[in-house]
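Below: one structure, written as structure tokens.
The values are calculated or read from the model by the stated rules, or taken from the named source; none is laboratory data. Since this is a predicted model, take the numbers as computed values, not measurements. Here Cβ is always computed from backbone atoms with ideal geometry, including for glycine, and neighbour counts include all displayed protein chains. Side chains are part of the model used for accessible areas, which takes the heavy atoms of the whole protein and leaves out ligands, DNA and RNA. Shrake-Rupley method; radii C 1.70, N 1.55, O 1.52, S 1.80 Å.
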Amino acid sequence: MKAFKITLRLFGFFGLAISTILASTVSAEAANREIVIYYQSNWDAPYISYNADDSNWTSAPGEMMDSDIPGFYSKTVPASSLEFVFNDGAGEWDHSASGGNFQVVAPGTYLISHDAIIPVSYQATRMESKIRIHYDTSWPEAYIHYNEDDMGWTYGNGQAMSDSEIYPDEKYFERVASSLEFVTNNGSGTWDNAANGGNYQIDIPGEYRLSNGQLTRIKVASELDEAQWLMALFAANGTVTPYDGGYYLTLTGLPEKLLAFTDRPDRSADKIALAAFFDSWDAAFGDTPPNAAFTGVTAAGEEQESAFTLTDPVFDSGNSTVSFQAQLVPGAPELTENNYSDLHLFIDGIFSDILYPDNPKREGRLNELVADANTVFTDAHSLEFQITQQLLQLNEKAQSLYGRIHVPLPPIVNTEITPGYVVYAIESVATVVAFNAVKGGLEKLAVTFLKNEGRIGEAAFVRLVGLPRWMEVGKTGGAVLVAVGLDLAIDGVSGAVKRSNLRSGIHDLIATRLTLKRADLVNTSFLEALKVVNDSMEIMEELGYTKEQLDRLLGEKLEERVTNDIENKINDQFTLDYLRDFDTQRGSWTNEDR
């Protein structure tokens, strides 16, 4: 029997030994592509038998899975694909719903729940299969509650839909997905279901319109082209020299940048450096050279126009000139002069990824930072449980040891970490809990716990944790998860606008990640300190002790360890160094982190 519960682990971001953390190093394994499988079972010690990358199966019964939380098991395999099945080590097997083996074909983190594979996060880039929906509704606000690629349903009302740029007064939604099951609502309890009372279903990527309960496909995915850009190149002067079969076209007095703007329905413009434009010419046009509209003024003041197909540009940045071989486009008028001034070329058809080749890297970095934040939140789910258990054990053991030597028992002090969350600890330990760094770390842990329990809302969570306002907060399998929200606007835009929005998102999350990871390191180190104290009390109980020795362990020694390992060590610079090492090991693109 399996339950829906997630503890996310991505790129080895957490779960490091405290000695490793304090040395500020990251294992090289973090850079490897890996598959992480999570599985919840009533078995005492489940095994996973697997075949990684179509090599060989593990020997029966396979490898015993690790346990992060009682009843919850995981296994990390360095691989790009994995075929696997579970068993109890004694002959009982757990197969997929079809009766065969489970299989994943891309690195990432996966939850096995109710015989289904649920992707939690990807390390690999997903295929750009897009589904776009235009929604004909009279609602002033519309939401779409959906399940993409059988990955699980969105939280609550789902995602707010934007305004359609194609159909006036209609709503719009776009998602990178291969299939989509969905239903719409107005955010206030009124739902729009399919005609049969069920959900709408899209199994083929493409563009769709939903009107009066009828879902109609407009375009298939292959027709959903990325934004195309048109180039406006201005020059002070130019010459047009005929030769057999065409012209040599030379432009002089060029500006440093040309003007670029998108073809409809996209609405973007930007200035592009000429050197960058001509450097990308072959990649942009390949074997299909562009057409260009030509206008220029003759010495007599007559404006002439024509259209050419341009090839073989030779750009001289030092002299601000460029020359082309040019062929007249069929039907275009011949030019009658050789010399022109005030010359303009309007060049067709170049794609966004050519003009902004780093936008995919920016988007990858943004998603990577979101995944890092989610790792901290899911790590907090485990840390909160473990720290609570260690404090409870410490309180009980300390009072027992003091009681055995007939001295007054230390009082239990409650320390409010944040409204609604209190830590109970004996007086000397409560002093350490109140240290600035320790309490700051516990605050992030406490707020995540309260959100998990449904005791605070999304707005309070965003404010208390310090998340950017554009982030959406949900809950999957009992753990808080965040995602890029519509307010950042990266799905429906391209080019310079997308670049600007991605940069803004990266800069926001770099600061957020620093705060969250510092708290994570503090909490991990504090947990280790509590374990050392509890282990030491176990030894003292066996060897004998005095009140002074016990006082020193629970007071001076604990304070000394926390001061040295946390208060004086885990600061912003320590955390920055840790994260830089981590990003280097996993090969992150960090060009715009600052």
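Within 11 Å, Cβ to Cβ, of residue 387, how many net charges do the neighbouring residues add up to if Lys/Arg are +1 and Asp/Glu are -1?
-1
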* To do: Any chance you could tell me what percent of the C-alpha pair distances in region 278-345 go past 16 Å?
  => 54
* Tell me, how many Å apart are the Cα centres for region 244-310 and for region 395-432? -> 76
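Out of every Cα-Cα pair in region 227-378, what percent are more than 29 Å apart?
Numbers: 3002 of 11476 pairs.
I get 26 percent for the Cα pairs in region 227-378 exceeding 29 Å.
Kirkwood hydrodynamic radius for region 35-94: how many Å is it when counted over pairs of different Cα atoms? Could the numbers behind the result be given before it?
Details: mean 1/r = 0.0863 Å⁻¹.
So the Kirkwood estimate lands at 11.6 Å.
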* Asked: Ranked by accessible surface with a 1.4 Å probe, highest first, in what order do 134, 145, 95, 406 come?
  -> 406, 95, 145, 134
* Could you estimate the translational diffusion coefficient of region 429-476 from the Stokes-Einstein equation, with Rh from the Kirkwood formula over C-alpha pairs, at 10 °C and 1.306 mPa s, in whole µm²/s? => 136
* Structure fact -> P(r) of region 371-445 over all Cα-Cα pairs, 5 Å bins starting at 0, rounded to whole percent, reads 3, 15, 22, 23, 16, 10, 6, 3, 1, 1, 0
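Tell me, Kirkwood radius of region 494-594 from alpha-carbon pair distances, in Å? List each step's numbers first, then the result.
Details: mean 1/r = 0.0598 Å⁻¹.
Evaluated over region 494-594, this radius sits at 16.7 Å.
Which order do 151, 537, 64 take by accessible area at a 1.4 Å probe, largest first?
Working: 151 45, 537 0, 64 100 Å².
Most to least solvent-accessible, the answer reads 64, 151, 537.
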* Report residue 317's accessible area, 1.4 Å probe, all protein chains in place, as a number in Å² to the nearest 10. => 80
* Determine how large the accessible area of residue 559 is when every protein chain is in place; take a 1.4 Å probe and give Å² rounded to the nearest 10. => 70
* Structure fact -> Within the under-9-Å Cβ sphere about residue 441, not counting residue 441, Lys/Arg +1 and Asp/Glu -1 give a net charge of +1
